[in-house]
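Asks: Please find one structure pasted underneath; my questions will follow.
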Amino acid sequence: MRKIRAGLILGSVFLLSACSKAAQDETLRIGFPEPTTTEGILILNLWQGTWIVALGVAALVLGLLFAALILYRRRSDADVPKQTRYNIPLEILYTIVPLVIVLGLFFFTARDQSTLIKLTGEQKHTVNVVGFRWSWIFNYKEAGVYEIGTPALPPTLYLPVDEKVKFELTSPDVIHSFWVPAFLMKMDVVPGRLNAFELTPTKPGEFVGKCAELCGVDHSRMLFNVKVVSRAEFDQHIADLKAAGQVGALTSGRVETSGNPDCLGNPELAGCKAEN
Ligand SMILES: [Cu+2]
């Protein structure tokens, strides 16, 4: 017994020390990426808290299970352990305890969700994100410029670091979902409905985004990039979009393919037309 325990401890120490710091951090985040927004920390805490509760339940259940296996095992044919049934207090207990756990998890989820989707109106700028079959448009509302992507040329969303941004999500066709994994936040983009949320990116860098709602044949190609940059770089990018003539706002970039796959992302091709 002692040898097994020593082996287990040694083994886990060895495994942990063999892992890189990054892998250890990811283990502590239980698979979540490192949050790069103010709001992401709240989501990470909810995720970790839920896991702590789940591990607590697992420890309790497995502990009771093994205790019963060892302490109350049948030791001889003559000596039958005491049989218990219809233990009302016990049955009430194991009905109420899961209810309390589920209600607790629900409470924290609902509380954090209402914080996350609350619109404070304190955003520094607004981006209207249009998800369409099969790419994204980013309308920078205050600046009056836009960026549009295609499956072959995914667009890049620029965001100034440490500035609260409001995303307004719209779709001209089917339900998509706007997801930047590093932001730990996603929201559906629903036709005929204005969904919105705010967040504050806190780490400069490049991140990937994607559509997280199976929306059709080219769903997997609805990729985009996010660049969190300084205010100066952001202003420069806006100026570049203006200089490129990408002024105004687009509501749809849907390309009518008329059966020709080359039309995807190439509305200017002969025989292909853009639908707005
Ligand atoms: Cu989609």
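Read-outs: derived from the displayed coordinates by stated rules, not from any lab. On a predicted model such as this, the values are computed, not experimentally measured, just so you know. Because the Cβ atoms are built from the backbone with ideal geometry, glycine has one as well, and the counts that use them run over all protein chains shown.
Asks: Among all stretches of the chain without exposed GluC sites (Glu not before Pro) (DSSP loop, at most 10 other Cβ atoms within 10 Å), which one is longest?
Replies: Working: sites that count: 122, 268.
My reading of the result: 123-267 is the longest stretch.
Asks: Follow-up. Report, largest value first, the span of the C-alpha coordinates of segment 131-170 along each principal axis, in whole Å.
Replies: Computed over the Cα atoms, the extents are 30, 19, 15 Å.
Asks: Kindly list the residues of segment 161-175 that lie in the label zone of residue 236, defined by a backbone N under 16 Å from the point 7 Å along the Cα-to-C-beta vector.
Replies: Label zone hits: 161.
Asks: Arranged by the count of other C-beta atoms within 10 angstrom, fewest first, what order do 164, 21 take? Don't jump to the answer; show the numbers that get you there.
Replies: On the way: 164 18, 21 7.
If I rank by nearby Cβ atoms, fewest first, I get 21, 164.
Asks: To continue, here is another question. So how compact is the chain: Cα radius of gyration and Dmax in angstrom?
Replies: Rg then Dmax for the chain, in Å: 26.5, 93.
Asks: Okay, moving on. If the elastic network links every pair of Cα atoms under 10 Å, which of 249, 78, 143 fluctuates the most in the Gaussian network model of the chain?
Replies: Sorting by GNM fluctuation, first place goes to 78.
Asks: To the nearest Å, what is the center-to-center distance of segment 170-192 and segment 49-119, using C-alpha atoms only?
Replies: 37 Å
Asks: I would also like to ask the following. Please report the antiparallel percentage of the DSSP beta bridges confined to segment 125-253, to the nearest 5.
Replies: On the way: 29 of 40 bridges.
Counting only bridges with both partners in segment 125-253, antiparallel ones make up about 70 percent.
Asks: Rounded to the nearest 500 deg cm²/dmol, what is the calculated helix-only ellipticity per residue at 222 nm for the chain, with -39500 (n - 2.57) per DSSP H run of length n ≥ 4?
Replies: Details: 5 runs with 101 residues, N = 276.
Helices in the chain give a 222 nm mean residue ellipticity of -12500 deg cm²/dmol.
Asks: In addition: So what J values fall out for segment 142-151 if you push phi through Karplus, 6.51 cos²θ - 1.76 cosθ + 1.60 with θ = phi - 60°, rounded to Hz, Gly and Pro as x?
Replies: Taking θ as phi minus 60°, the curve returns 5, 7, x, 10, 9, 10, 10, x, 9, x Hz for segment 142-151.
Asks: If you take every residue apart from residue 119 with its C-beta less than 11 Å away from the C-beta of residue 119, what net charge results, scoring Lys and Arg +1 and Asp and Glu -1?
Replies: Numbers: positive: 118, 164, 166; negative: 122, 168, 198.
Neighbourhood net charge equals 0.
Asks: Once amide H atoms are built 1.01 Å from N in the peptide plane, which residues 5 or more positions from residue 168, or in another chain, come under 5 Å H to H?
Replies: 127, 128, 129
Asks: In Å, the Kirkwood hydrodynamic radius of segment 125-253 over pairs of distinct alpha carbons? Kindly include the intermediate steps, with their values, before the conclusion.
Replies: Numbers: mean 1/r = 0.0695 Å⁻¹.
Here the Kirkwood hydrodynamic radius works out to 14.4 Å.
Asks: Which percent, nearest 5, of DSSP beta bridges in the chain are antiparallel? Kindly include the intermediate steps, with their values, before the conclusion.
Replies: Values: 32 of 43 bridges.
Just about 75 percent of them are antiparallel.
Asks: Given a cut-off of 25 Å, name the pairs among 124/242; 186/242; 118/186; 21/210; 21/166 whose C-alpha atoms lie farther apart than that in the structure shown. Write down the numbers at each step before the final one.
Replies: On the way: 124/242 20 Å; 186/242 29 Å; 118/186 14 Å; 21/210 28 Å; 21/166 34 Å.
Pairs exceeding 25 Å: 186/242; 21/210; 21/166.
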